[in-house]
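*Asks:* Can you read through this structure? Questions will come right after.
The values are calculated or read from the model by the stated rules, or taken from the named source; none is laboratory data. Small disclaimer: the values here were computed from a predicted structure and weren't measured. As a convention, Cβ positions derive from the backbone with ideal geometry for all residues, glycine included, and neighbour counts pool all protein chains shown. Heads up: the accessible areas ignore ligands, DNA and RNA and are worked out on the full protein's heavy atoms, side chains in. Shrake-Rupley method; radii C 1.70, N 1.55, O 1.52, S 1.80 Å.
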Amino acid sequence: MSIFRRTLIAATAAAALTAPFAAFAQDIKPRLIRFGYGLNEQSNQGRAVKLFADEVEKASGGKMKVRAIGAAALGSDVQMQQALIGGAQEMMVGSTATLVGITKEMAIWDTPFLFNNTKEADTVLDGPTGQKVMDKLQEKGLVGLVYWENGFRNLTNNKQPVNKLEDLNGIKLRVMQNNVFLESFKTLGANAVPLPFSELFTALETKTVDGQENPYNTILSSKFYEVQKYLTVTNHVYSPWIVTVSKKWWDGLSNDEKKVLMDAARKSRDFERQDTRAEAGKALGELKAKGMQINELSPAEANRMRSQLTRVNASIATNVGMDLWNEAQAAVSRTRGAK
Ligand code: TK8
């Protein structure tokens with residue numbers, strides 16, 4: 001190799017070290033990242049995607065641009081996941097529950113009453129078990145970056161207040177496209193039907209379904225209170241969102257670009273959880289003010305529902321594998337011990 005060439009390589013390497021984006025400084029076209037999500041811009045999801053987009057643009061000095069596309073304009077969770085796998089879309093955020101058809105291990109997060117509070121959820125999701133489940137996506141063409149909070153799910157419907165288990169009989173209830181949810185609510189006696197979130201408002205409005213379950217934040221931001229009268233506080237499962245990237249696309253990024261995305265994802269996670277919790281704290285009062293009739297279950301009824309719901313645990317354990325099931329249980333127990 002000529003001295004000249006060797007010097008050139010050294011100089012380029014040095015430049016790359018001091019100025020990570022100098023390598024493609026002449027590249028006038030920024031890298032465009034289409035980031036899809038299901039809720040609207042005014043939701044906790046929309047706000048956090050916006051923060052992520054701003055962070056990426058800032059940290060890359062404008063070399064990377066995120067185009068945030070909400071309200072399922074790029075498709076439902078399931079459709080976007082396929083677009084990511086195929087490389088037609090770069091990023092998305094959606095429920096872990098809608099990923100179960102692709103990565104069965106994700107069903108561990110659908111375990112009813114797995115977490116008692118957000119601290120337990122954060123510790124386990126951000127710890128080794130959360131990472132292990134997230135890493136499973138890679139073999140399917142997706143890269144998981146971080147978990148966000150969707151939140152504890154609660155039941156709404158338009159037929160009658162649900163005070164006891166039997167009140168669910170005959171309620172046509174929309175569930176996510178996920179077998180654990182389908183089984184759980186069938187077990188409770190509801191007529192459960194899987195539907196993408198993007199079709200939910202209309203389905204409620206036209207009375208194609210009577211009810212649904214989602215966190216307070218979503219019931220508020222998606223204006224479900226306009227088409228749902230009754231809300232029952234069930235907190236039946238903690239639902240995470242997960243930020244994912246097309247692996248096909250990710251593999252073509254430089255390490256610096258990957259770092260920009262990863263750092264922004266972590267910032268967005270911390271922001272999103274804080275924002276979601278602050279909103280959730282006020283949302284129930286707001287839903288009441290909007291005219292929803294809210295009830296809590298008596299401890300006896302809550303227990304009956306709980307024991308019915310946890311009947312799906314055995315099938316979750318079989319589906320995700322006993323090792324992962326035990327690991328998750330142990331991780332939760334450790335966070336409880338650490339209190
Ligand atoms: C948004 C969904 C939503 C979820 C659902 O795309 O489908 O009910 O709770 O957050 O992922």
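*Asks:* Can you give the local net charge around Met80? Use residues other than it whose beta-carbon is closer than 12 angstrom to its beta-carbon, Lys and Arg +1, Asp and Glu -1.
*Replies:* Once all neighbours under 12 Å are counted, the net charge is -1.
*Asks:* Now for a separate question. Give the Debye-formula value of log10 I(q)/I(0) at each listed q (0.10, 0.18 Å⁻¹), with one equal scatterer per alpha carbon of segment 181-339, two decimals each.
*Replies:* Taken in order of the listed q values, log10 I(q)/I(0) reads -0.55, -1.37.
*Asks:* Any chance you could give the angle, 0 to 90 degrees and rounded to 10, that helix 44-59 forms with the longest Cα principal axis of the chain?
*Replies:* 10
*Asks:* Quick one: compute the contact order of segment 21-112, relative version, from alpha carbon pairs under 8 angstrom and 6+ residues apart, as a percent. Intermediate results must be reported in sequence, preceding the final value.
*Replies:* Details: 121 pairs, mean separation 28.9, N = 92.
Once normalised by length, the contact order is 31 percent.
*Asks:* Related question: Relative contact order of segment 3-334, please, whole-number percent, based on alpha carbon pairs below 8 angstrom and at least 6 residues apart. Don't jump to the answer; show the numbers that get you there.
*Replies:* Details: 583 pairs, mean separation 81.4, N = 332.
Reported as a whole number, the value is 25 percent.
*Asks:* Follow-up. Which peptide among 245-253, 267-275 comes first, and what is the full order, when sorted by highest mean count of other Cβ atoms within 10 Å?
*Replies:* Details: 245-253: 17.9, 267-275: 19.4.
My ranking of the peptides, most packed first, is 267-275, 245-253.
*Asks:* OK, next. Over all directions, what mean area does the Cα convex hull of segment 29-91 project, stated in square nanometres? Mind showing how you got there, number by number?
*Replies:* On the way: hull surface 16.5 nm².
Averaged projected hull area, Cα only: 4.1 nm².
*Asks:* Moving to a separate point now. Given the pairs Lys104/Lys247; Lys207/Lys288; Lys207/Lys247; Lys65/Lys119; Lys50/Lys259, which are separated by over 29 angstrom at their Cα positions?
*Replies:* Numbers: Lys104/Lys247 18 Å; Lys207/Lys288 22 Å; Lys207/Lys247 39 Å; Lys65/Lys119 33 Å; Lys50/Lys259 18 Å.
The pairs that break the limit, which is 29 Å between Cα atoms, are Lys207/Lys247; Lys65/Lys119.
*Asks:* Which order, highest average first, do 295-307, 192-204, 276-288, 212-224 follow once you tally other Cβ atoms within 10 Å for each residue and take the mean per peptide?
*Replies:* Details: 295-307: 13.8, 192-204: 17.6, 276-288: 16.0, 212-224: 23.5.
Output ranking for 295-307, 192-204, 276-288, 212-224: 212-224, 192-204, 276-288, 295-307.
*Asks:* Ordered by residue, what ³J(HN,Hα) values in Hz, to whole numbers, does segment 96-111 give under the Karplus form 6.51 cos²θ - 1.76 cosθ + 1.60, where θ = phi - 60° and Gly and Pro are x?
*Replies:* 4, 4, 7, 8, 4, x, 9, 10, 4, 4, 4, 5, 4, 6, 8, 4
*Asks:* Round to a whole number: what % of the accessible area of the chain belongs to carbon and sulfur, probe 1.4 Å? Please report the intermediate quantities before stating the final value.
*Replies:* Values: 8040 of 15170 Å².
With neighbouring chains kept in place, the figure for the chain is 53 percent.
*Asks:* For every other residue with a beta carbon closer than 9 angstrom to the beta carbon of Leu165, add +1 if it is Lys or Arg and -1 if Asp or Glu, then tell me the sum. Intermediate results must be reported in sequence, preceding the final value.
*Replies:* Numbers: positive: Lys164, Arg304; negative: Glu166, Asp167, Glu301.
Every neighbour counted, the sum reads -1.
*Asks:* Determine the calculated [θ] at 222 nm for the chain from helices alone, applying -39500 (n - 2.57) to every DSSP H run no shorter than 4 residues and normalising by the residue count; nearest 500 deg cm²/dmol. List each step's numbers first, then the result.
*Replies:* Working: 13 runs with 154 residues, N = 339.
Here the helix-only value at 222 nm equals -14000 deg cm²/dmol.
*Asks:* Continuing with the same structure: Normalising by the residue count of segment 143-300, find the relative contact order in percent from Cα pairs under 8 Å and 6+ residues apart.
*Replies:* Details: 248 pairs, mean separation 60.0, N = 158.
It rounds to 38 percent for segment 143-300.
*Asks:* Taking the Cα centre of each part, how many Å lie between segment 247-268 and segment 155-228?
*Replies:* Spelled out, the Cα-based centre of one part sits 36 Å from the other.
*Asks:* Further, regarding this structure: Under a Cβ-only charge scheme (Lys and Arg +1, Asp and Glu -1), can you give me the dipole magnitude of segment 183-339 about the Cα centre, in debye to the nearest 20? Let's see the in-between values first.
*Replies:* Details: 22 positive and 19 negative charges, 78 e Å.
With Lys and Arg at +1 and Asp and Glu at -1, about 380 debye.
*Asks:* Helix 299-309 against the longest principal axis of the chain: what's the angle in degrees, Cα atoms only, rounded to the nearest 10?
*Replies:* 60
*Asks:* Express the accessible area of segment 236-278 per residue in Å², computed with a 1.4 Å probe while the remaining protein chains stay in the model.
*Replies:* On the way: 1710 Å² over 43 residues.
Ligands and nucleic acids excluded, the result is 40 Å² per residue.
*Asks:* Related question: Using the Cα atoms of segment 3-334, I'd like the radius of gyration and the largest Cα-Cα distance, Dmax, both in angstrom.
*Replies:* 21.6, 83
*Asks:* Report the net charge of residues surrounding Lys223, where surrounding means a beta-carbon distance below 14 angstrom and charges are Lys +1, Arg +1, Asp -1, Glu -1.
*Replies:* On the way: positive: Lys229, Lys290; negative: Glu41, Glu205, Glu226, Glu286.
That sum, taken over residues with Cβ under 14 Å, equals -2.
*Asks:* Return the sequence-ordered ³J(HN,Hα) values of segment 250-258 in whole Hz as given by the Karplus equation 6.51 cos²θ - 1.76 cosθ + 1.60 applied to θ = phi - 60°, using x for Gly and Pro.
*Replies:* Going residue by residue, I get 4, 4, x, 8, 6, 4, 5, 5, 4 Hz, with x marking Gly and Pro.
*Asks:* In debye, nearest 20, what is the charge dipole magnitude of segment 3-334 about its Cα centre with +1 on Lys and Arg Cβ and -1 on Asp and Glu Cβ, if you could check? Don't jump to the answer; show the numbers that get you there.
*Replies:* Numbers: 41 positive and 36 negative charges, 98 e Å.
So the dipole magnitude of segment 3-334 works out to roughly 460 debye.
*Asks:* Using all C-alpha to C-alpha distances in segment 281-325, build P(r) with 10 Å bins and read off the rounded percent in each one.
*Replies:* 23, 24, 28, 21, 5
*Asks:* Mind ranking Thr234, Thr156, Thr206 by accessible surface for me, highest first, 1.4 Å probe? Let's see the in-between values first.
*Replies:* Values: Thr234 20, Thr156 0, Thr206 85 Å².
Descending order: Thr206, Thr234, Thr156.
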